[in-house]
Amino acid sequence: MSWKRSSVVMIWLVAAVCAVLTGVLVAPENRLVWTSLSLAGCTIITLAAQLSTGQKEGYVSRVTLSLVGAVIVLAVATGIFALLGLA
């Protein structure tokens, strides 16, 4: 896997780890706040990771893929948190 792709997948993994930690460590009433903070952190890490590649070509698409993937991961986690809250 190339450095460009691995930097995108790394952000998705960070989002998944944040989702799991939020689900395990945070009280149910505060999970939405921490999920939002996780997305903010993923955004900062995305910008840093993509700038560190030193590649101008494809920068916007790498950032977009990273953030869309993080949003999807965190949205699924939010849905799971909501379903757990109904039980």
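Mean projected area of the Cα convex hull of the chain, taken over all directions, amounts to 5.5 nm². Taking label positions 7 Å along the Cα-Cβ direction at both S36 and T64, the computed distance is 2.7 nm, reported to one decimal.
Comparing A16, A27, A77 in a Gaussian network model of the chain (Cα springs below 10 Å), the most mobile by mean-square fluctuation is A27.
With all protein chains kept in place, the per residue accessible area of the stretch 28-87 amounts to 64 square angstrom at a probe of 1.4 angstrom. When the chain is treated as a GNM with alpha-carbon contacts under 10 Å, the residue of G69, G41, G58 showing the greatest mean-square fluctuation is G58.
The distance from the alpha carbon centre of the stretch 70-84 to that of the stretch 23-49 is 11 Å, rounded to a whole number. Annotation note: trypsin sites (Lys or Arg not before Pro) in the chain located in DSSP loop regions with a Cβ neighbour count of at most 16 within 10 Å are K56.
Normalising the average separation of contacting C-alpha pairs (under 8 angstrom, six or more residues apart) by the number of residues puts the relative contact order of the chain at 45 percent. Among L25, L51, L65, the largest mean-square fluctuation in a Gaussian network model of the chain (Cα springs under 10 Å) belongs to L25. For the stretch 45-54, the Karplus equation 6.51 cos²θ - 1.76 cosθ + 1.60, evaluated at θ = phi - 60°, returns couplings of 5, 4, 4, 5, 5, 6, 5, 6, 5, x Hz by residue, with Gly and Pro reported as x. Per atom type, the stretch 3-61 shows carbon and sulfur on 74% of its accessible surface, probed at 1.4 Å. In 10 Å bins starting at zero, report the fraction of Cα pairs in the stretch 39-80 per bin as a rounded %. For the stretch 39-80, the binned pair fractions read 29, 49, 17, 4 percent.
Evaluating 6.51 cos²θ - 1.76 cosθ + 1.60 at θ = phi - 60° for every residue in the stretch 55-72, the Karplus couplings come out as 9, 6, 5, x, 4, 5, 5, 5, 5, 4, 4, 4, 6, 5, x, 5, 4, 5 Hz, glycine and proline recorded as x.
The values are calculated or read from the model by the stated rules, or taken from the named source; none is laboratory data. In this text the structure is predicted, and so the values were computed from the model without any measurement. Here the Cβ is made from the backbone with ideal geometry for all residues, glycine too, and neighbour counts use every protein chain on show. Surface areas here come from the heavy atoms of the whole protein model, side chains and all, with no ligands, DNA or RNA. Shrake-Rupley method; radii C 1.70, N 1.55, O 1.52, S 1.80 Å.
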